[in-house]
Amino acid sequence: MDAFLIQLLTGLAGASSLFLVAAGLTVIFGVTRVVNFSHGSLFMLGAYIAWSVLTRLPREPGWHVAGVLTAALATAGIGVLLEMTLLRRIYRAPELLQLLATFGVVLMVQDLALLIWGPDDLPLPRPPWLRGFVRIAEQQFPLYDLVLIAIAPLVLGALWLGFTRTRWGTLVRAATQDRDMLAALGVDQRLLFTSVFALGAGLAGLGGALALPDGSANLQMDMAVITDAFVVVVVGGMGSLPGAYLAALLIALLQTFGIVLLPKATLVLMFVVMALVLAVRPHGLLGRVQVPTRGEAHAYALIRPATPALCALGAVVLALALAAPLLVGPFWLSVLTEALVAMLFAASLHAMMGPGGMINFGHAAWFGIGAYAAALAARGLSMPMPVGLFLGPLLAGLVALAFGWFVVRLSGIYLAMLTLAFAQIVWAVVFQSETTGGDNGVLGVWPDAWAHDPRVFYLLALLLCVGGTLALRRVLFSPFGYALRAARDAPERAEAIGLFPARLRMAAFCLAGTAAGLAGAVGAYSKGSVFPSTISIGRSVDALLMVLLGGVQTMAGPVVGALAYTGLYDVLIRATDLWRLALGAAIVVLVLAFPQGIAGAAQHVTGDDAT
Amino acid sequence: MRLTRRTLIAGSATLAAPAVVRAQSGTSQSEPIRIGEINSYTAVPAFTLPYRQGWQLAVEQVNAAGGVLGRKLEVISRDDAGRPQDAVRIAGELVGEQKVDLLAGGFLSNVGLAISDFALQNRRLYVASEPLTDALVWEKGHRYCFRLRPSTYMQAAMLVGDAAKLKAKRWVSVAPNYEYGTSTVKWFKQLLAQQQPDATFVTEQLPALGRIDAGATVAALEAAKPEAILNVTFGPDLTNFVRQGNTRGLFEGRSVVSVLTGEPEYLDPLGDETPAGWLVTGYPVDSVTDPANSAFIAAYQAKFNETPKMGSVVGHALISSIVAGLLRAGGTATEALCDALPGASFDTPFGRAMWRAIDHQSTLGTYVGRTALKGGHGTMVDWRYVDGADALPSNDVVRKLRPA
């Protein structure tokens, strides 16, 4: 019983921390619909700034509070800068482009923080009052945890008052419903959005500053925090602050009691909770059905077959690709093979995201399942390579079929997060299973003797990846593809003319999974080994970046995006220690220059709006 | 100050990048010997940046003394971003484009295994510097792969003798939820059971790496009422764990055995909250006085204006261990090197070590001691150096563990 009380209080303190991490994200999303991937970076900056400020101040409680608030304000200032220089320019861009832009910011902040604060963890020395404890049930319970337990409801209450009882709050809520009307009434939306972004960033900074006394400011914080924040926000319902608090409570309490019973569950518990909640409540605990905000709806351009000029360009590139084994050495062939795999991977995600209208944050799951199926066929069952190359896409497709049933009922960001939850569950299974070699992966997955020559394997990869990409393209121009786009643009009308949107989406999901599985299988043989990192969130983000960089609403987008992204990454990582800064800056510049994606911009320039 | 130092490192690494144009047929005597080095410089900077300074110092010293076999030593270094797949591609680039004579590096276990598998496939020498997984030299060991640092088995074996003397019966463990954590706990339990059959582990906490919920973890350990605690966490997780543990009184009246905690990169951040009396492996850089350590520390401080960390020692020893193989082989041919390395001995800041022929593990050891608080900083006291050779299982056991 005593242990129970302590664990309950510990869970409440954990819930407060989680809520503080998530509050800013849900505020920003609720109003601006920006999926702010740099939220974790703002949290990290909050912690670092708090460290710099607090280590220079007297260590009395009053000064500490002043320091924490200073850090929050400074982070809010960084948020303003970010909004005014970057996000403001792309509010009208296709959805999720902000995600790409803020990911560029994440990369830049990682290197900037390293340059400014150095590689060492920076712990905040705790004065005695921060080490204080109270005796509860004959055990010591940290005083600071009690403070945290109180802070979250206070912040929640203050935000609620701000949004419901002030003129600013009224205007903000109006902006979430009808931006055009608000603009017609003479309200400066830009100022409104800047202030909301500042608030969200400030909350992130506050979270970072408040987390500091329990640990250190370090360079891994941003990534550790961002998934937690997303899960809490989605489980609670995007944009709902009380929902976020409820979700934080649910997750933290399950975590605290769960690790006693199932210590291994730490990797995946949060994502299982999210999957279950979304299966029962598709819009989160307290979320509402998302109605498209007036003034932000996009009419998608029709997709028409490629022009003769584009076909000719494609043929030239393909001819060059075929000639590559005669022109370059083994290393460049391996780079090209990797680009081909990335291309099919991106094209498969594009089929879901563009024409299918389903955003996927966990696409690496299919890639990984394909890779592991091939690897285990090769190593576990000693099958020849063609069997592995066949089993990879088959298994990925089958799993996608089973899983698609849950996914296609959702939409928007909730669908995306459910795919992420699924990918994390697959990742955790692979990570902890003996069969898959756990963290140490499956080694020795090299091509059969006949394809051992890098030139032969390259040609095989070319055949499979270009073939797969062209097949996807062909499918999207078939009646099925048109039906799929109809279901995306106008589900009710599609249903009225006798289409089944759910089935169409399911088929698209399965198709995308199969193609990603093929990419994974080819990737496994080209690398010789498969690790859980092929299913990591980072890998899923890579796929998203490639598609968004190329342009979601063009058919050539994923191909261009994959080549641009892998090319940039490969050049920069070998050229400079500060490759994250350079890559992040390149992404930001590309986003600002080509909000429709590179391929989208090319279309615009050539005046050919219909490719 | 920080900024300029970083910039200097970045600058020097750029300078170390090879010239694009290179004579293909020139006399090999004038060409430098090239080591292709891969590590997680951006993913794990707290360990790998001191490591890089360590090998930079060693390369400078070797070249100042006239190089190896009359040739200069050159390291071409790449960041793997913590991804094994990237490491394989970079290994291909180093071998295929940069024409390096051998591969080295690696921090994460799976990156090390990926490079090792590449090395086996392409018949190239790979000297793994830091990955701790036992698989690298045992289950998946092979002719072309050598590993420098004491493995998870060795870390556990070095601590277990003193741990058994604690006579604690109820144990709990906390370890990061991945190979390094689970494997260390597994070996520790196994070895402890041999010396003290009545020891039981009542709970084993496995927080996710970098994302420990320290309050919940400490509460779960406290609820198990242990007599002794085995800690395997490191880095930011360790700081969070120690702070919650201190405030909640978890460590009061309990013995704690802690892997790697004495290494400066993990001990320094604990500051004045360093718990006293923990049994740890590490590097007492502020109190070693033997000539080898002192010379290394002085040279390192002169060059970088900071004290070395464990990573610095590993980076420095990496170069010495490779040079020993090059000298013994009399050249850079891969097969000759793989024949020459087993049995080759080399000097490290920790003293003399050698490459074992039986499993290609080096005998570089580490220090075992107790933590203490001195002037507001954590330090190691009552330490002794444990030679790696004394922390490895018998040859019969190794032969069973290493099929190749």
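The values are calculated or read from the model by the stated rules, or taken from the named source; none is laboratory data. These numbers come from a predicted model, not from an experiment. Methodologically, a virtual Cβ is constructed for each residue, glycine included, from the backbone with ideal geometry; neighbour enumeration extends over all protein chains shown. Keep in mind that these areas ignore ligands, DNA and RNA; they rest on the heavy atoms of the full protein, side chains included. Shrake-Rupley method; radii C 1.70, N 1.55, O 1.52, S 1.80 Å.
The set of residues in the stretch A:110-142 being touching a residue at least 60 places away in the same chain (Cβ under 8 Å), over 17 Å from A:D577 (Cβ atoms) and of a type in the set (S, T, N, Q) consists of A:Q139 alone.
Just to be sure before I move on: is A:D145 in contact (Cβ under 8 Å) with a residue 60 or more places away in the chain, more than 30 Å from A:V31 (Cβ to Cβ) and acidic (D, E) in the structure I sent? Lay out the reasoning, then the answer.
Numbers: in contact (Cβ under 8 Å) with a residue 60 or more places away in the chain: yes; more than 30 Å from A:V31 (Cβ to Cβ): yes; acidic (D, E): yes.
Considered against the rule, which asks whether it is in contact (Cβ under 8 Å) with a residue 60 or more places away in the chain, more than 30 Å from A:V31 (Cβ to Cβ) and acidic (D, E), A:D145 comes out as yes.
On the stretch given as the stretch B:162-181, residues that are open to solvent by 50 Å² or more (accessible area, probe 1.4 Å) and outside any loop (DSSP other than H, G, I, E, B) total 2.
Being modelled with pLDDT under 90 and hydrophobic (A, V, I, L, M, F, W, C), is that true of even one residue in the stretch A:465-475? It would help to see each step written out before you state the result.
Step one: of the stretch A:465-475, the residues modelled with pLDDT under 90 are none.
The answer is no; no qualifying residue exists.
Of the residues that make up the stretch B:308-329, is at least one among the basic types (K, R), away from chain A (no Cβ under 13 Å) and open to solvent by 30 Å² or more (accessible area, probe 1.4 Å)? Give the steps one after another, and end with the answer.
Of all residues in the stretch B:308-329, those among the basic types (K, R) come to B:309, B:328.
Subset that is away from chain A (no Cβ under 13 Å): B:328.
If we keep only those that are open to solvent by 30 Å² or more (accessible area, probe 1.4 Å) as well, we get B:328.
Checking the stretch B:308-329: at least one residue is among the basic types (K, R), away from chain A (no Cβ under 13 Å) and open to solvent by 30 Å² or more (accessible area, probe 1.4 Å).
On inspection, B:R78 passes the criterion of being in contact with a helix residue (DSSP H, G or I) (Cβ under 8 Å, 6 or more places away or on another chain), touching a residue at least 40 places away in the same chain (Cβ under 8 Å), among the basic types (K, R) and within 10 Å of chain A (Cβ to nearest Cβ).
Restricting to the stretch A:4-39, what's the tally of residues that are within 12 Å of chain B (Cβ to nearest Cβ) and either part of a loop (DSSP other than H, G, I, E, B) or touching a residue at least 12 places away in the same chain (Cβ under 8 Å) (or both)? Spell out how you get there, then give the answer.
In the first step, residues of the stretch A:4-39 are kept if they are within 12 Å of chain B (Cβ to nearest Cβ); the result is A:4-18, A:21.
Within this subset, residues satisfying the condition of being either part of a loop (DSSP other than H, G, I, E, B) or touching a residue at least 12 places away in the same chain (Cβ under 8 Å) (or both) are A:5-18, A:21.
Matching residues across the stretch A:4-39 total 15.
I'd like the full set of residues that are open to solvent by less than 80 Å² (accessible area, probe 1.4 Å) and within 14 Å of B:E139 (Cα to Cα), limited to the stretch B:360-404. Correct list: B:H360, B:Q361, B:V397, B:V398, B:L401, B:R402. Each residue in the stretch B:238-254 was checked for being crowded, with 22+ Cβ neighbours inside 10 Å, out of contact with any Ser or Thr (no Cβ under 7 Å at 6 or more places or on another chain) and within 8 Å of chain A (Cβ to nearest Cβ), and 5 pass.
Could you tell me which residue of the stretch A:587-596 is nearest to the other protein chains (Cβ to nearest Cβ), considering only residues that are under 12 Å from A:L545 (Cα atoms) and in contact (Cβ under 8 Å) with a residue 60 or more places away in the chain? Looking at the filtered set, the residue picked out is A:I587.
Only one residue in B:D101, B:D117, B:D86 is over 21 Å from B:Q53 (Cα atoms), more than 10 Å from every other protein chain (Cβ to nearest Cβ) and of a type in the set (D, E), so which one is that? Don't jump to the end; show me each part of the working.
Values: B:D117 fails: more than 10 Å from every other protein chain (Cβ to nearest Cβ); B:D86 fails: more than 10 Å from every other protein chain (Cβ to nearest Cβ).
Answer to the check: B:D101.
Hey, could you check the stretch B:35-52 for residues that are among the hydrophobic types (A, V, I, L, M, F, W, C) and open to solvent by 10 Å² or more (accessible area, probe 1.4 Å) and say which is farthest from B:V314 (Cα to Cα)? Among residues in the stretch B:35-52 that are among the hydrophobic types (A, V, I, L, M, F, W, C) and open to solvent by 10 Å² or more (accessible area, probe 1.4 Å), the one farthest from B:V314 (Cα to Cα) is B:A43.
Got a sec? Which of A:D120, A:D145 is within 29 Å of B:F241 (Cβ to Cβ) and not in a helix (DSSP H, G or I)?
Values: A:D145 fails: not in a helix (DSSP H, G or I).
Result of the check over A:D120, A:D145: A:D120.
Listed by position, the helices (runs of 4 or more DSSP H) contained in the stretch A:317-414 that have at least 3 residues being in contact with a Cys (Cβ under 8 Å, 6 or more places away or on another chain) are A:330-353, A:385-407.
For the stretch B:271-289, does any single residue satisfy the condition of being more than 14 Å from every other protein chain (Cβ to nearest Cβ), among the acidic types (D, E) and over 30 Å from A:F257 (Cβ atoms)? It would help to see each step written out before you state the result.
Of the residues in the stretch B:271-289, the ones more than 14 Å from every other protein chain (Cβ to nearest Cβ) are B:276-289.
With among the acidic types (D, E) added as a condition, the list becomes B:286.
Within this subset, residues satisfying the condition of being over 30 Å from A:F257 (Cβ atoms) are B:286.
Yes; the residues of the stretch B:271-289 include at least one that is more than 14 Å from every other protein chain (Cβ to nearest Cβ), among the acidic types (D, E) and over 30 Å from A:F257 (Cβ atoms).
Restricting the stretch A:464-505 to residues that are part of a helix (DSSP H, G or I) and among the hydroxyl-bearing types (S, T, Y) leaves a set whose member that is least open to solvent (accessible area, probe 1.4 Å) is A:T469. Scanning the stretch A:535-586 for residues that are within 11 Å of chain B (Cβ to nearest Cβ), under 19 Å from A:L219 (Cα atoms) and among the aliphatic types (A, V, I, L, M) gives A:I573, A:L578, A:L581, A:L583. Just so you know, in the stretch B:108-136 the residues that are open to solvent by 10 Å² or more (accessible area, probe 1.4 Å) and without any contact (Cβ under 8 Å) to a residue 60 or more places away in the chain include one that is nearest to B:M354 (Cα to Cα), and it is B:L132. Any residue in the stretch B:284-291 that is touching a strand residue (DSSP E or B) at 6+ places or on another chain (Cβ under 8 Å), open to solvent by less than 10 Å² (accessible area, probe 1.4 Å) and under 28 Å from B:E204 (Cβ atoms)? No: the stretch B:284-291 contains no residue that is touching a strand residue (DSSP E or B) at 6+ places or on another chain (Cβ under 8 Å), open to solvent by less than 10 Å² (accessible area, probe 1.4 Å) and under 28 Å from B:E204 (Cβ atoms). On the stretch given as the stretch B:72-94, residues that are open to solvent by less than 30 Å² (accessible area, probe 1.4 Å) and in contact with a Pro (Cβ under 9 Å, 6 or more places away or on another chain) total 3.
Does A:V277 satisfy being at pLDDT 90 or above, more than 25 Å from A:A150 (Cβ to Cβ) and open to solvent by less than 30 Å² (accessible area, probe 1.4 Å)?
Values: at pLDDT 90 or above: yes; more than 25 Å from A:A150 (Cβ to Cβ): yes; open to solvent by less than 30 Å² (accessible area, probe 1.4 Å): yes.
It is true that A:V277 is at pLDDT 90 or above, more than 25 Å from A:A150 (Cβ to Cβ) and open to solvent by less than 30 Å² (accessible area, probe 1.4 Å).
I'm trying to understand the selection: among the residues of the stretch A:164-215, which are surrounded by fewer than 24 Cβ atoms within 10 Å (Cβ to Cβ) and not in a helix (DSSP H, G or I)? Result: A:T166, A:D178, A:L185, A:G186, A:V187, A:D188.
Name the residues in the stretch A:311-366 that are of a type in the set (S, T, N, Q) and open to solvent by 10 Å² or more (accessible area, probe 1.4 Å), would you?
A:S334
Per-residue answers, yes or no, for (1) in a helix (DSSP H, G or I); (2) buried (at least 23 other Cβ atoms within 10 Å of the Cβ); (3) of a type in the set (G, A, S); (4) modelled with pLDDT of 85 or more:
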{"position": "A:V560", "(1), (2), (3), (4)": "yes, no, no, yes"}
{"position": "A:V571", "(1), (2), (3), (4)": "yes, no, no, yes"}
{"position": "A:L583", "(1), (2), (3), (4)": "yes, yes, no, yes"}
{"position": "A:A602", "(1), (2), (3), (4)": "yes, no, yes, no"}
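Inside the stretch B:194-237, residues that are open to solvent by 50 Å² or more (accessible area, probe 1.4 Å) and not in a loop (DSSP other than H, G, I, E, B) make up a count of 5. Pairs are defined by a Cβ separation below 7 Å, a sequence spacing of at least 6 or placement on different chains, a first member in the stretch A:73-101 that is closer than 15 Å to A:L25 by Cα and in contact (Cβ under 8 Å) with a residue 40 or more places away in the chain, and a second member that is surrounded by fewer than 18 Cβ atoms within 10 Å (Cβ to Cβ) and not polar (S, T, N, Q); the pairs so defined are A:Q98/A:I90. The set of residues in the stretch A:93-108 that are of a type in the set (A, V, I, L, M) and either away from chain B (no Cβ under 13 Å) or open to solvent by less than 10 Å² (accessible area, probe 1.4 Å) (or both) comprises A:A93, A:L96, A:L97, A:L99, A:L100, A:A101, A:V105, A:V106.
Scanning the stretch A:116-141 for residues that are of a type in the set (F, W, Y) and within 10 Å of chain B (Cβ to nearest Cβ), we see that the one that is least open to solvent (accessible area, probe 1.4 Å) is A:F141.
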